Amino acid sequence: MAYGTNPEERYSYGEVSDADRRDFLKALGVIAGGGIAGATLRDLRAEVSSGAADGLAEMGEAVRAGLTGTLDAALLNEELAGLEESFELLPELESMGIPEEGASAYQELTTAAWGINEHLTEVGFFASAEENLPAFEPGHIEETTRQLLHIDALPATLSEVGFAEQEQTALVVNIVNSREQLSWWMKTPDYPPADAVDDGVVHEYVAPLHQRAAEGSLLWIDGLDYYLWQREPLVTSEMIDRGLWDAKSMLGGYYLLGSAARDLAAGDIADDQLTTLTTASTAIMIIGQEFLIDDVIRITDDKRAARNPAPN
C-alpha cells in the first residue's frame with residue numbers, strides 16, 4: 001500500500017500515546033526533539049503550521065456553487081440537536097453490553113444522522129463534494145489536517161457532544177496515522193467499470209465518495225444490535241469498548257459534517273473551512289467503520305471470548 005502497513009498499530013482508541021503523536025507530527029513534517037507536543041488539539045496546533053489554504057478555499061467555493069438545492073438551516077439545527085442526544089446514550093450502551101433480541105439501542109443512535117443524510121443527498125451536497133474535492137491523496141490529507149487543527153471552534157464543537165480533550169486529539173491524529181484506510185476509498189468515477197474488468201462497478205449504482213462514507217458508518221452502527229446479540233458467546237468486553245469508540249468516532253464525524261452543512265446554510269463558514277471539515281469528517285467516518293470491522297465484526301479465534309467447558 002502507498003501509505004505503509006500495520007495501520008492498526010497507529011490507531012488511537014480515545015487516548016493518544018507519545019508514539020502516536022510522534023508518528024502524527026512526523027507525517028506532517030514536524031520532527032519532535034527532546035520534548036513533544038501535549039495531548040490536546042491546542043498543543044498540536046502550536047506544533048503544526050496551518051500552511052496555505054488558497055486551494056482549499058477554491059474547492060469550498062466550488063462545493064457551495066455545485067449544490068442543486070437549498071440547505072435548510074432550521075432542519076439541520078433540529079437534526080443536530082437530536083444527534084447531540086444520541087451521544088448521551090453511549091454510556092447506557094456500555095452498561096448494557098450485549099443487546100437483547102430485537103433491541104434497537106444502536107439504531108436509535110443514528111436516527112437524526114439519517115435525517116441529515118437525506119437532506120444533504122436531496123440538495124446535491126454529496127455529489128458536489130465528490131465533484132469538487134480530491135479523494136484522499138497524501139497532500140490533501142496533510143493540508144486539510146493542518147487546517148483542521150487551526151479551526152478555533154473545533155475543540156468546543158467536539159466538547160458539545162462529549163469528546164474529552166484526549167478523545168478530540170485521537171480523532172484528528174487518527175486521520176493521519178490511519179491514512180492507509182483512506183487510500184482505499186476512491187471517487188466513484190475512478191473505479192473501473194463493470195464492462196472492463198471482472199470486479200468493476202456500474203457507476204450509476206455507486207454513491208459519491210462522501211455519501212458512501214457517511215451512509216456506511218450509519219449502516220454499520222445500525223447493524224450492531226443484531227450482530228452483537230447473534231454473536232453473544234464470542235463477544236468480549238474489549239470488543240464492546242472498542243466498538244463503542246468506533247461508533248462514537250463515526251457519530252462525531254457525522255456531527256462535524258452536519259455542523260458544517262448547517263453553517264453553510266446560514267452563511268457562517270469560510271470556504272476553506274468547508275473543504276477542511278467535509279474532508280476531515282468523512283475521513284473520521286471512514287476510519288471508524290474500517291476499524292469497527294476489525295474490532296467487532298471479524299471475530300477471530302485469538303480475539304473471541306473463551307469457550308465454556310463442556311458439562312460433565
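Please identify the pairs in which a residue from segment 80-96 that is over 12 Å from Leu109 (Cβ atoms) has its Cβ atom under 8 Å from the Cβ atom of a residue that is in a helix (DSSP H, G or I) and among the aliphatic types (A, V, I, L, M), counting only partners at least 6 apart or on another chain.
Every condition considered, the pairs that remain are Leu80/Ala112; Leu80/Ile116; Ala81/Ala112; Glu94/Ile240; Glu94/Leu244.
Need the failing condition index for Arg45 against (1) at pLDDT 95 or above; (2) open to solvent by 50 Å² or more (accessible area, probe 1.4 Å); (3) under 21 Å from Glu143 (Cα atoms), just the number.
In the conditions (1) at pLDDT 95 or above; (2) open to solvent by 50 Å² or more (accessible area, probe 1.4 Å); (3) under 21 Å from Glu143 (Cα atoms), Arg45 misses (1) alone.
Being surrounded by fewer than 20 Cβ atoms within 10 Å (Cβ to Cβ) and not polar (S, T, N, Q): is that true of Ala164 here?
Judged against the criteria, Ala164 is a match.
Which pairs have Cβ atoms under 7 Å, sit 6 or more apart or on different chains, and link a residue in segment 19-32 that is free of Cβ contacts under 8 Å to residues at least 40 places away in the same chain and hydrophobic (A, V, I, L, M, F, W, C) to one that is open to solvent by 40 Å² or more (accessible area, probe 1.4 Å) and in a helix (DSSP H, G or I)?
Every condition considered, the pairs that remain are Leu25/Glu47; Val30/Glu47; Ala32/Arg22.
In segment 202-294, which helices (runs of 4 or more DSSP H) lie fully inside it and hold 1 or more residues that are within 27 Å of Asp54 (Cα to Cα) and in contact with a His (Cβ under 9 Å, 6 or more places away or on another chain)?
Correct list: 237-266, 271-292.
State whether the residues of segment 190-197 include one that is touching a His at 6+ places or on another chain (Cβ under 8 Å), over 26 Å from Leu80 (Cα atoms) and in contact (Cβ under 8 Å) with a residue 12 or more places away in the chain.
yes
Listed here are the residues, each with its yes/no results for (1) under 28 Å from Val296 (Cα atoms); (2) open to solvent by less than 50 Å² (accessible area, probe 1.4 Å); (3) more than 24 Å from the chain's Cα centre (by Cα); (4) touching a residue at least 12 places away in the same chain (Cβ under 8 Å).
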residue	(1), (2), (3), (4)
Val202	no, no, yes, no
Leu209	yes, yes, no, yes
Leu218	yes, yes, no, yes
Pro233	yes, no, yes, yes
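It is to be established whether one or more residues within segment 128-136 are open to solvent by 20 Å² or more (accessible area, probe 1.4 Å) and over 14 Å from Thr278 (Cα atoms).
Scanning segment 128-136 turns up no residue that is open to solvent by 20 Å² or more (accessible area, probe 1.4 Å) and over 14 Å from Thr278 (Cα atoms).
Given the residues Gln273, Gln289, which is the only one that is farther than 25 Å from Gly97 by Cβ and crowded, with 20+ Cβ neighbours inside 10 Å?
Gln273
The values are calculated or read from the model by the stated rules, or taken from the named source; none is laboratory data. From a predicted model like this one, the values you see are computed outputs, not experimental measurements. Ideal geometry is used to build each Cβ from the backbone, glycine not excepted, and the neighbour counts take in all protein chains shown. Surface areas here come from the heavy atoms of the whole protein model, side chains and all, with no ligands, DNA or RNA. Shrake-Rupley method; radii C 1.70, N 1.55, O 1.52, S 1.80 Å.
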